Amino acid sequence: MRPALAPLLLAASTSLSVRRITAKMSAQGVLMTKAGKDGAQGDCPFTQYAAMSMQLAGATYQLRPTPQAEKPAWHLDAHGGSMPCWAPNGFEDGADAIADSGGIAKHFLAPSATDTAVLESVGGLFKGIAMLLKNTDDAKDDELLAGLAEQLDALEACAFAPYLSGAAPGLADAFVATKLYVLLVAGGHYKGFVLPERYPKVAR
């Protein structure tokens, strides 16, 4: 685990005493996710965002990697098979299902004004990361890194008190942490990316 993300991910699994949660906290159901080649849980940042938000809210749920051939008819008909998908009534019942990572996250963690401001400020973070990672023309990397730096500058300018959401990790932290994980791990592996020292708040 990357040191910069360890405090946040640890906090997600500990005390809930000061966390902002909704009445959905005790919801039971299934979180359907993309399945890897071996049928296990895939490594999708959108699923991680939804799951981390649910964990921060103290929700209990069954994680179900679901290959295309196993998707239920209601999921294909009503949601086009989109993942992740939260099925509060179980795998066979699509009533009140949500097939959108942001929708799932906000269903369990009510966004504060601070969360909303952060999401608006760094809403292009993952797009910048994805463009860099998907680029196969090395000559364009500098241009893409410059665009990504704008998003990281905006993130560094946010108040960390000590988390993006305030005294305890919340929606904004779940959104950003799962994107930074991709940048630090995949970006480091494929592009040799190292977080510049000018981002001390992002790094901590």
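The values are calculated or read from the model by the stated rules, or taken from the named source; none is laboratory data. Predicted model, so just to flag it, every value in this text is computed and none were measured. Here the Cβ is made from the backbone with ideal geometry for all residues, glycine too, and neighbour counts use every protein chain on show. Keep in mind that these areas ignore ligands, DNA and RNA; they rest on the heavy atoms of the full protein, side chains included. Shrake-Rupley method; radii C 1.70, N 1.55, O 1.52, S 1.80 Å.
Expressed as a whole percentage, what fraction of the accessible surface of the range 70-190 belongs to carbon and sulfur atoms when a 1.4 Å probe is rolled over the protein heavy atoms? Write down the numbers at each step before the final one.
Numbers: 2860 of 5410 Å².
The value for the range 70-190 is 53 percent carbon and sulfur by accessible area.
In the chain, the longest principal axis of the Cα atoms and the axis of helix 171-182 are about 70 degrees apart.
Whole number in Å², please: accessible area per residue of the range 126-204, 1.4 Å probe, ligands, DNA and RNA not counted. The partial results should precede the final answer.
Working: 4000 Å² over 79 residues.
Result: 51 Å² of accessible area for each residue.
Global size of the chain: 17.4, 51 Å for Rg and Dmax (C-alpha atoms, Rg to one decimal, Dmax whole).
Against the chain, whose longest principal axis is taken from its Cα atoms, helix 45-56 shows a tilt of about 70°. Using alpha carbons only, the radius of gyration of the range 110-162 set against its Kirkwood radius gives Rg/Rh = 1.10. In degrees from 0 to 90, rounded to the nearest 10, what is the angle of the helix 125-134 Cα long axis to the longest principal axis of the chain? For helix 125-134, the angle is close to 80 degrees.
Residues within the reach of a label modelled at Asp138 (point 7 angstrom out along Cα to beta-carbon, backbone nitrogen below 16 Å), restricted to the range 165-204, are 189-193. Springs join every pair of Cα atoms under 10 Å in this Gaussian network model of the chain, and among Asp43, Asp100, Asp137 the largest mean-square fluctuation is at Asp137.
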